[in-house]
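The values are calculated or read from the model by the stated rules, or taken from the named source; none is laboratory data. For clarity, every value in this text was computed on a predicted model and none was experimentally measured. All Cβ positions, glycine included, derive from the backbone under ideal geometry; neighbour counts span all protein chains shown. When the accessible area is computed, the model is the full protein with side chains, heavy atoms only, and any ligands, DNA or RNA have been set aside. Shrake-Rupley method; radii C 1.70, N 1.55, O 1.52, S 1.80 Å.
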Amino acid sequence: MGTRSKIALITGANKGIGLEIARQLGRQGFTVLVGARDSGRGTAAVESLASEDIDARFVQIDVTDVQSINSAAKLIAAEFGKLDVLVNNAGIFIENKPPSTIDVSRVRATYETNFFGPLNVTQAMLPLIRKSDAGRIVNVSSGLGSIGTMSDPDSPYGGFSLAGYNSSKSALNALTVAFANELRDTNIKVNAADPGYVATDLNNHSGPRTVEQGATEPVRLATLGPDGPTGAFFNDEGPVPW
Ligand code: NAP
C-alpha cells in the first residue's frame, strides 16, 4: 500500500530531542514513525503527538537489536513502501570514569547504540530511502564528537576527557561522510547534526538549551532542498569542525 505523504522515522523518539524532532516534522505534515525500544513508552509518545493532530505511529525498534531493526524495515515496507527521512537519534551517555580507568565494556556498549545502531538502521532502511524522491538521513551527533572542538583549549568543551561517548560520535561523523560519499550520485543527502547542550534525561537536565532549540538543526537537515549539502556537520549556528 503506497502513500503520497512524506514518511519520517526517528529512532529514540519517545522522549527528549527525538520526540521533539518527531513533533516538529509532524507539524510540517510528515507522517512520523516514532521509533522506540519500549512499546509502552513509544505508544505514550504517539498518543501525545496525536493529541496535537500529528499523524504519528509507533514502530518498535531497539537500535542494538538487528532483528527488531529488520522487523521495523519490513513493517515500513509493507505499510508505506518507502521512507523519506531517517533520523538516527537514539543515543546513550554512560560514561562514569576517565579514559584511563573506564570499564571497556561501557565503551563497547556506547558504540553498540551510538555507532553500530545507526549503521545497522541505515543499512536496513536504505532500500526504502532509495524509493523516496528526496531521501534525507540525519545522524544526531554531538559537539563532543568534534575532534576540532575537543582539542581546542579555548572551546567550552575543550576540557572533556571521555573515551566512549565522544569517540562514538566522532565515528558516527565519519560514518556520515562515508554514506554521503557512497550516495553522492543519488538524491539522498546524509548529514550530521549537533543539537547543542540540551536539558534531557541524558545529562540529568543540566543543559541550558531546550529540546525545541536542540531539534531545530536535525529538522532543518531532514528537510533540506535539492541544493542542500551532503556529508556535512552542522549546529544551528553553522558548520561544526570535524
Ligand atoms: P534522552 O532524553 O536520554 O533520549 C534518548 C533516546 O534514545 C530515548 O528515547 C531512549 O529510549 C533512546 N534509546 C537509547 N538506547 C536505545 C536503543 N538501544 N534503541 C532505541 N532507542 C534507544 O537523550 P537526548 O538528549 O534526547 O539524546 C538524543 C540524541 O541527542 C542522542 O544521540 C544524544 O547523544 C544526542 N545529543 C544530546 C545532547 C544533549 O545535550 N542532550 C547533546 C548532543 C547530542 P528509552 O527511553 O527507552 O531509554
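Farthest towards the positive end of the charge dipole of the chain, among the residues Ser151, Pro239, Phe116, is the Cα of Phe116, using unit charges on the Cβ of Lys, Arg, Asp and Glu. The phi torsions of the range 45-55, fed into the Karplus equation with coefficients 6.51, -1.76 and 1.60 and a -60° offset, translate into couplings of 5, 4, 4, 5, 5, 4, 5, 9, 6, 9, 7 Hz, rounded to whole numbers, with Gly and Pro shown as x. In the range 1-139, taking the dipole from charged Cβ atoms about the Cα centre, the farthest positive-side position among Gly135, Val107, Asn89 is held by Gly135. Lysine pairs, Cα distance under 22 Å, 8 or more residues apart or cross-chain: how many in the range 47-184? Taking the range 47-184 as the scope, the lysine pair count is 4. Fully extending the segment from Arg41 to Gln123, taken as 0.36 nm per residue of separation minus the present Cα-Cα distance, adds 27.0 nm. For the range 17-93, the dipole from Cβ point charges (+1 on Lys and Arg, -1 on Asp and Glu) about the Cα centre works out to 140 debye, to the nearest 20.
Projecting label points 7 angstrom from Cα along Cα→Cβ for Asp103 and Ser161 puts them 2.1 nm apart. Classify the range 151-222: rounded, prolate or oblate, from the alpha-carbon gyration tensor (a ≥ b ≥ c, eigenvalue square roots; a/c under 1.5 rounded; otherwise prolate if a/b is larger than b/c)? In terms of gyration-tensor shape, oblate.
Computed 3J(HN,Hα) for the range 223-236, one whole-Hz value per residue from the Karplus formula 6.51 cos²θ - 1.76 cosθ + 1.60 where θ = phi - 60°, is 10, 4, x, x, 8, x, x, 9, x, 10, 9, 10, 10, 6, glycine and proline marked x. Inter-part distance, the range 175-233 to the range 29-96, computed on C-alpha centroids, equals 17 Å.
Given +1 at the Cβ of Lys and Arg, -1 at the Cβ of Asp and Glu and no other charges, the dipole of the chain around its Cα centre is 520 debye to the nearest 20. Calculated [222 nm] ellipticity per residue, helices only, for the chain: -12000 deg cm²/dmol; basis is -39500 (n - 2.57) per DSSP H run with n ≥ 4, divided by all residues, nearest 500. Projecting the Cα atoms of Pro195, Leu162, Thr11 onto the dipole axis of the chain, where Lys and Arg carry +1 and Asp and Glu carry -1 at the beta carbon, places Thr11 farthest toward the positive end. The simple spin-label model puts a point 7 Å past each Cα toward its Cβ; for Glu112 and Leu224 those points are separated by 3.2 nm. Taking the Cα atoms of the range 101-183, the ratio Rg/Rh between the radius of gyration and the Kirkwood radius comes to 1.06. Between Asp133 and Asp236, the C-beta separation translates, for a Förster distance of 41 Å, into a calculated FRET efficiency of about 0.95. Share of carbon and sulfur in the accessible area of the chain stands at 52%, probe radius 1.4 Å.
Derived scalar couplings between HN and Hα for the range 170-175 equal 4, 5, 5, 4, 5, 5 Hz in order, rounded to whole Hz, by the Karplus curve 6.51 cos²θ - 1.76 cosθ + 1.60 (θ = phi - 60°), x for Gly and Pro. What is the range 1-77 by shape, rounded, prolate or oblate, if you read a ≥ b ≥ c off the alpha carbon gyration tensor as root eigenvalues and call it rounded for a/c under 1.5, prolate for a/b larger than b/c, and oblate otherwise? Because a/c hits 1.5 or more and a/b fails to exceed b/c, the range 1-77 counts as oblate.
The alpha-carbon atoms of the chain define a convex hull whose volume equals 118 cubic angstrom per residue.
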